[in-house]
Amino acid sequence: MASASSPFPVRAAATAPQPFAAPAAPANPEFLTTDEASAFLRLSPRTLEKQRVLGGGPRFRKFGARVVYAVEDLRAWADSRAYGMTSDPGYVQRDSVR
């Protein structure tokens with residue numbers, strides 16, 4: 001391919017080699033970090049950390065030093081806290097412990 005003003009062929013500029021990129025995380029991961037789980041539940045990460053120590057929070061897994069939450073466990077935990085009204089016996093019993 002020659003330019004109209006130059007008789008020499010024009011080459012495209014060499015592109016820089018792309019650095020190694022880690023594979024993208026799946027769109028719907030099965031396990032979430034504490035920060036991701038807290039965003040999923042709309043709680044603070046500190047709340048989940050306290051619940052891991054004191055109990056009452058969602059089930060979690062430890063892989064070495066890493067703590068992760070299964071999405072299905074988060075949903076089950078959230079579903080177990082569903083009430084129809086504030087006078088439901090389970091609601092009154094659970095929240096009176098505070």
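The values are calculated or read from the model by the stated rules, or taken from the named source; none is laboratory data. The shown structure was predicted, so the numbers you read here are calculated from the model rather than taken from an experiment. Every residue, glycine as well, gets a Cβ built from its backbone with ideal geometry; the counts of neighbours run over all protein chains shown. For the accessible areas, the whole protein counts, side chains as well, though only heavy atoms, and no ligand, DNA or RNA atoms are used. Shrake-Rupley method; radii C 1.70, N 1.55, O 1.52, S 1.80 Å.
Counted as qualifying within segment 22-81 are the helices (runs of 4 or more DSSP H) with 2 or more residues that are more than 11 Å from the chain's Cα centre (by Cα), namely 45-54, 71-79.
Restricting the first member to segment 79-92 and to residues that are of a type outside the set (D, E) and open to solvent by less than 80 Å² (accessible area, probe 1.4 Å), and the second to residues that are assigned to a loop (DSSP other than H, G, I, E, B) and modelled with pLDDT of 85 or more, the beta-carbon pairs closer than 7 Å and six or more apart or on different chains are G90/Y83; Y91/Y83.
Yes/no matrix, rows are residues, columns are (1) under 19 Å from R42 (Cβ atoms); (2) at pLDDT 95 or above:
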| site | (1), (2) |
| --- | --- |
| F60 | yes, yes |
| R66 | no, yes |
| Y69 | yes, yes |
| D73 | yes, yes |
| A82 | yes, no |
| M85 | no, no |
| D88 | no, no |
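Among residues that are in contact with a Phe, Trp or Tyr (Cβ under 9 Å, 6 or more places away or on another chain), surrounded by 12 or more Cβ atoms within 10 Å (Cβ to Cβ) and modelled with pLDDT of 85 or more, L43 is not included. On the stretch given as segment 29-39, residues that are under 11 Å from D73 (Cβ atoms) and surrounded by 14 or more Cβ atoms within 10 Å (Cβ to Cβ) total 3.
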